[in-house]
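The values are calculated or read from the model by the stated rules, or taken from the named source; none is laboratory data. Because the structure is a prediction, the values reported are computed rather than measured. All Cβ positions, even for glycine, are placed from backbone atoms using ideal geometry, and neighbour counts span all protein chains on display. For the accessible areas, the whole protein counts, side chains as well, though only heavy atoms, and no ligand, DNA or RNA atoms are used. Shrake-Rupley method; radii C 1.70, N 1.55, O 1.52, S 1.80 Å.
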Amino acid sequence: MRLSDVLSKPPDKEYVQIDAFLQNKAGKVGQKVDISTGTVALNYFCVSCGDIRTFWSSPKLTCIFVSKNLISVDCVLTCGCGASVPVWFLIESKKDITGQAPAIRILKKSVKLSDMVRINDKRYGEFTPLLDKAMQAYTDGLGAGAVVYLRKIFEKITVKTAKAVNIEYAQYEGGNPKNFSDLLKKVDEKCSIIPKEFSANGYKLFRELSGVVHGEYDEEAGLKNFEALHRLVIGILENVINHKELLDAITVLGWNEERGEDK
């Protein structure tokens, strides 16, 4: 396995053994070295292409030694249309990284998104920027911040749904969490925005996300639980989107009119 193979996958806490790529290098602090480790390939949403595309790096990258066990790697990934995104990795080696077959892991990964490159596709509409910020905070090691963005998404989709179906509710933002509990109950009873797999725990999810605001979450806990919380929030968004798409399909087929005639 080459370094590029590891960089082309999501960061993993486990060390992975790779082919030597820094043998015979002094490894002095601040030393800059050109390396040939294969092409890094990561998927992002390209606004110009309007779809998820694979962005590729040059096969020749540059690394800087922080120590004999730590290096940083900068690269620019490019879509076939020319859109690009800079990505930075901090890579840790279990032992001397200049040795033969070093065991390494990605300690940190940072992506500089732009108006032309996003993490998520446009399927999530106005929630896409918040999802991108949540994921970017997570990859930057900001667990608490990442969870705060997920909480904001949960709030917004609930409030937006309530407005769409004319549900009256007490003002929640900046107010009493009990108001949100009441609102979520009304919205879910009428629209079933919480997937059936955890419909009984919708407010429990909100309390979990709110743990950051109330100081119950630290960065480590946020990072540990982010992927599971992210999946549940995505599940709510998908549930709402699918519900709307099904209603649109029924309208196109005229089934809602037939139901009206049956009455």
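Note down the magnitude of the dipole of the stretch 3-118 about its Cα centre, charges +1 on Lys and Arg C-beta and -1 on Asp and Glu C-beta and zero elsewhere, to the nearest 20 debye.
Here the size comes out at about 300 debye.
log₁₀ I(q)/I(0) of the chain at q = 0.13, 0.15, 0.17 Å⁻¹, via Debye over equal Cα point scatterers, no solvent, to two decimals?
-0.93, -1.10, -1.25
Select from Val187, Val33, Val148 the residue whose mean-square fluctuation is largest in a Gaussian network model of the chain (Cα-Cα springs shorter than 10 Å).
Maximum fluctuation in the GNM of the chain, among the listed residues, is at Val33.
In the stretch 1-90, what trypsin sites (Lys or Arg not before Pro) fall in a loop by DSSP, with at most 13 other Cβ atoms inside 10 Å?
Within the stretch 1-90, the qualifying trypsin sites (Lys or Arg not before Pro) (loop, at most 13 other Cβ atoms within 10 Å) are Lys13, Lys28.
Taking 7 Å along the Cα-to-C-beta vector as the label spot, tell me the Asp115-Asp74 distance in nanometres, rounded to one decimal.
Each label point is offset 7 Å from its Cα along the Cβ direction, giving 2.4 nm.
Can you give the angle from 0 to 90° between the axis of helix 219-253 and the longest principal axis of the chain, with both taken from C-alpha atoms, to the nearest 10?
Tilt of helix 219-253: around 50 degrees.
Could you check which residue among Ala26, Ala137, Ala103 shows the biggest mean-square fluctuation in a GNM of the chain with a 10 Å Cα cutoff?
Ala26
With the dipole of the stretch 116-164 worked out from charges on the C-beta (+1 for Lys and Arg, -1 for Asp and Glu) around the Cα centre, which of Ile157, Phe127, Val117 lies farthest toward the positive end?
Ile157
If I histogram all Cα-Cα distances within the stretch 1-108 using bins 5 Å wide from 0, what percent of pairs lands in each bin?
Pair shares across the bins are 2, 13, 23, 24, 17, 10, 6, 3, 1, 0.
At a 1.4 Å probe radius, carbon and sulfur cover how many percent of the accessible area of the chain?
Values: 7380 of 14790 Å².
About 50 percent, which is the carbon plus sulfur part of the accessible surface.
For the stretch 76-213, I need the span (max minus min coordinate) of the C-alpha atoms along each principal axis, in Å, sorted largest to smallest.
64, 37, 29
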